[in-house]
Amino acid sequence: MNVPVAGVAEDAMLYEYLIAEFGGPRRFVLSLCRQFDLEEERTLLQLRCEIAYDPAPALEALGRYHQWWSEECPVGEALDAIERRSEWAVIAAHAPVESTVFLEDAC
């Protein structure tokens, strides 16, 4: 997520986690999303990395959280802030069951 991208009108990042059932089993989902506005193509792209865990009680106790960062805060600084968050001690104690990386047109 910390790779600079040139030629975009806007670069934003979303960090979130939640318990979800996206057409499959109930899971704790950790997601990082970079969103790029390609102004010349009039396209809004999202590059997502999602990591899913079985919903253990400690993960469920985290609830849900989301925060967007935009160009006012460089991606590297946002990632540093994310790494300092307290939920990582809980998340690191569990093994992921699935991971997905995908690119989608958000428009």
Can you give me the number of residues within the stretch 76-107 that are surrounded by 12 or more Cβ atoms within 10 Å (Cβ to Cβ) and basic (K, R)? 1
Residue check for I51: closer than 23 Å to V75 by Cα and touching a Pro at 6+ places or on another chain (Cβ under 7 Å): yes
Enumeration of residues in the stretch 70-96 that are within 15 Å of Y17 (Cα to Cα) and of a type in the set (V, I, T): I82, V90, I91
D54, sole failed condition from (1) more than 25 Å from A9 (Cβ to Cβ); (2) surrounded by fewer than 12 Cβ atoms within 10 Å (Cβ to Cβ); (3) modelled with pLDDT of 95 or more: (2)
Please enumerate the residues belonging to the stretch 45-85 that are assigned to a helix (DSSP H, G or I) and over 30 Å from A6 (Cα atoms). P57, A58, L59, E60, A61
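Here is a check on your reading of the model: is E50 in contact with a Cys (Cβ under 9 Å, 6 or more places away or on another chain), of a type outside the set (S, T, Y) and on the phi < 0 side of the Ramachandran plot?
Details: in contact with a Cys (Cβ under 9 Å, 6 or more places away or on another chain): yes; of a type outside the set (S, T, Y): yes; on the phi < 0 side of the Ramachandran plot: yes.
Yes, satisfied.
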For L62, only one of the following conditions fails: (1) under 20 Å from D105 (Cα atoms); (2) touching an Asp or Glu at 6+ places or on another chain (Cβ under 6 Å). What is its number? (1)
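If I filter the stretch 66-78 for residues that are at pLDDT 90 or above, hydrophobic (A, V, I, L, M, F, W, C) and in contact with a Ser or Thr (Cβ under 8 Å, 6 or more places away or on another chain), do I get at least one hit?
Step one: filter the stretch 66-78 for residues at pLDDT 90 or above, giving 66-68.
Okay, now just the ones that are also hydrophobic (A, V, I, L, M, F, W, C), so 68.
From what's left, in contact with a Ser or Thr (Cβ under 8 Å, 6 or more places away or on another chain): none.
No, because not a single residue in the stretch 66-78 is at pLDDT 90 or above, hydrophobic (A, V, I, L, M, F, W, C) and in contact with a Ser or Thr (Cβ under 8 Å, 6 or more places away or on another chain).
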Where residues in the stretch 4-22 are within 15 Å of Y53 (Cα to Cα) and without any contact (Cβ under 8 Å) to a residue 12 or more places away in the chain, which of them is surrounded by the most Cβ atoms within 10 Å (Cβ to Cβ)? A20
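The values are calculated or read from the model by the stated rules, or taken from the named source; none is laboratory data. These numbers were taken from a predicted model, which means no experiment stands behind them. Using ideal geometry, Cβ is built from the backbone for each residue, glycine included, and neighbour counts are taken over all protein chains shown.
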